[in-house]
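One structure is given here, and the rest of the page talks about it.
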Ligand code: ARG
């Protein structure tokens, strides 16, 4: 009996008595977005075929034919000659059909002991593994370029804020290192997520496993997976690893978005702490004077879509009974969009960090307003024996007087200051300087230029080893 497979376009069509409508075809097809997994699909198929012949399920000739066919298909895809057909639904069926055209029966034997359910789960994991590796590298490169920026400004002083109110002086290097820490944890999360991505679903077949004497460990080794998925139902149905990746990606974007928000504020002419190189900004079509920080604004906006993708995947998963359901085909676009957005954003930000020029005078002028060294004065009194709460009150009164007189704490004379506490002596003025204030916070995690330099050295060793 001749197989229907060669006559009809759909691999499953023999069971059906009427064709699906064009609309349903378009609705159910994924080929125009899942074809980005073509190379991993071929990689997975070759590993499967290699195992099938090692287990004597197909012949060495079949395997050789499959290899030859896949080599040609790869070349066709790379050169753009491969014809992707909507009729063939997805990347898997498109490639399998072409393989059969090229090598005949060996192509039809490839799917022995396999289902598209374990095939697609394998493809996604292979695709994600390399995306994660790429993202980890890009986070590393971004952190290195932030380290360069921090290093240039280990001594540059700006006001640190809480509640958007001037709090205490800090060094710009220290501020940037806060982000280096955040992106460091983001990279750790990616590394951790990779462990759970890197398991082999193949062998689960449709959902229950297969009757053929397969060797799953062999396929896992060939494909560089750490282990196999140990339950066939779980292997084909759960996408928790993709959700986890999207959650990690959302956190990267959240950190990027916070940084963007600061860059935008700092670049506002009202603040004027930094300038961002022209190549990351655009002008206005009506207001000739404008230079807008488009890249940080867009990154802040794109954080919304990456968060949306996470919610899409969580929602996709929550109502699915075991095992595979076609709902899972909807995992790809949010996932791919997340990968694309993250990769572009990280690349642009690594470059943009080199295009940030800092205006230390503006930062310093801002730090001199708002009584940023008031805490230093309180600490000074405590060191002279006053309980902290009393010191806090004495300084609060001093600040109130300064506000009335529109002057800084350091503008008052020694006699004026002594009115608030007799413990105040001439050495107080050193404490009230911005440099004295930051230099005094000289412990691990503190803002002192000295600590910033130590932190940079430690991070650089971590990042370059
Ligand atoms: N395109 C499908 C997906 O992305 C492949 C698996 C199809 N399996 C099936 N039983 N219809 O999930």
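At-a-glance table
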item: Options 133, 148, 227, 155: the member that is crowded, with 16+ Cβ neighbours inside 10 Å, at negative phi and touching a residue at least 24 places away in the same chain (Cβ under 8 Å); result: 155
item: Candidates 187, 106, filtered to the one that is buried (at least 20 other Cβ atoms within 10 Å of the Cβ), away from the ligand (no atom under 16 Å from the Cβ) and within 30 Å of residue 209 (Cβ to Cβ); result: 106
item: Selection status of residue 60, touching a helix residue (DSSP H, G or I) at 6+ places or on another chain (Cβ under 6 Å), surrounded by fewer than 17 Cβ atoms within 10 Å (Cβ to Cβ) and without any contact (Cβ under 8 Å) to a residue 40 or more places away in the chain; result: yes
item: Scope region 67-83; condition in contact (Cβ under 8 Å) with a residue 12 or more places away in the chain and within 16 Å of residue 40 (Cβ to Cβ); matching residues; result: 70, 73, 74, 77, 82
item: Filter result for residue 321 (within 16 Å of the ligand (Cβ to nearest atom), on the phi < 0 side of the Ramachandran plot and free of Cβ contacts under 8 Å to residues at least 24 places away in the same chain); result: yes
item: Out of 390, 408, 404, sole residue that is modelled with pLDDT under 95, more than 16 Å from the ligand (Cβ to nearest atom) and farther than 21 Å from residue 303 by Cβ; result: 408
item: In region 411-465, the residues that are without any contact (Cβ under 8 Å) to a residue 60 or more places away in the chain and touching a strand residue (DSSP E or B) at 6+ places or on another chain (Cβ under 9 Å); result: 441
item: Extreme residue, surrounded by the fewest Cβ atoms within 10 Å (Cβ to Cβ), among residues of region 63-92 that are out of contact with any helix residue (DSSP H, G or I) (no Cβ under 9 Å at 6 or more places or on another chain) and not in a helix (DSSP H, G or I); result: 80
item: Enumeration of residues in region 269-291 that are assigned to a loop (DSSP other than H, G, I, E, B), touching a residue at least 60 places away in the same chain (Cβ under 8 Å) and farther than 17 Å from residue 364 by Cβ; result: 277
item: Subset of region 204-224 (residues that are within 31 Å of the chain's Cα centre (by Cα) and in contact (Cβ under 8 Å) with a residue 24 or more places away in the chain); result: 204, 219, 222, 223, 224
item: Tally, over region 224-246, of residues that are part of a helix (DSSP H, G or I) and within 24 Å of residue 342 (Cβ to Cβ); result: 7
item: Cβ-Cβ under 6 Å pairs, at least 6 apart or on other chains, region 12-30 side farther than 25 Å from residue 331 by Cα, far side more than 14 Å from the ligand (Cβ to nearest atom); result: 14/4
item: Per-region count, region 22-50, residues away from the ligand (no atom under 16 Å from the Cβ) and farther than 14 Å from residue 106 by Cα; result: 5
item: Residue within region 104-113 that is in a helix (DSSP H, G or I), at pLDDT 95 or above and over 22 Å from residue 201 (Cα atoms) present; result: yes
item: Unmet requirement for residue 98, which otherwise passes all of (1) surrounded by 21 or more Cβ atoms within 10 Å (Cβ to Cβ); (2) not in a helix (DSSP H, G or I); result: (2)
item: Of all residues making up region 14-48, the number that are surrounded by 13 or more Cβ atoms within 10 Å (Cβ to Cβ) and part of a loop (DSSP other than H, G, I, E, B); result: 4
item: Of all residues making up region 86-100, the number that are within 8 Å of the ligand (Cβ to nearest atom) and within 19 Å of residue 65 (Cβ to Cβ); result: 1
item: Any hit, region 49-60, residues being more than 21 Å from residue 200 (Cβ to Cβ), modelled with pLDDT of 95 or more and in a helix (DSSP H, G or I); result: yes
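The values are calculated or read from the model by the stated rules, or taken from the named source; none is laboratory data. Just so we're clear, the structure is a prediction, and the values are computed from it rather than from any experiment. Neighbour counts are summed over all protein chains in view; Cβ atoms, including those assigned to glycine, are modelled from backbone coordinates with ideal geometry.
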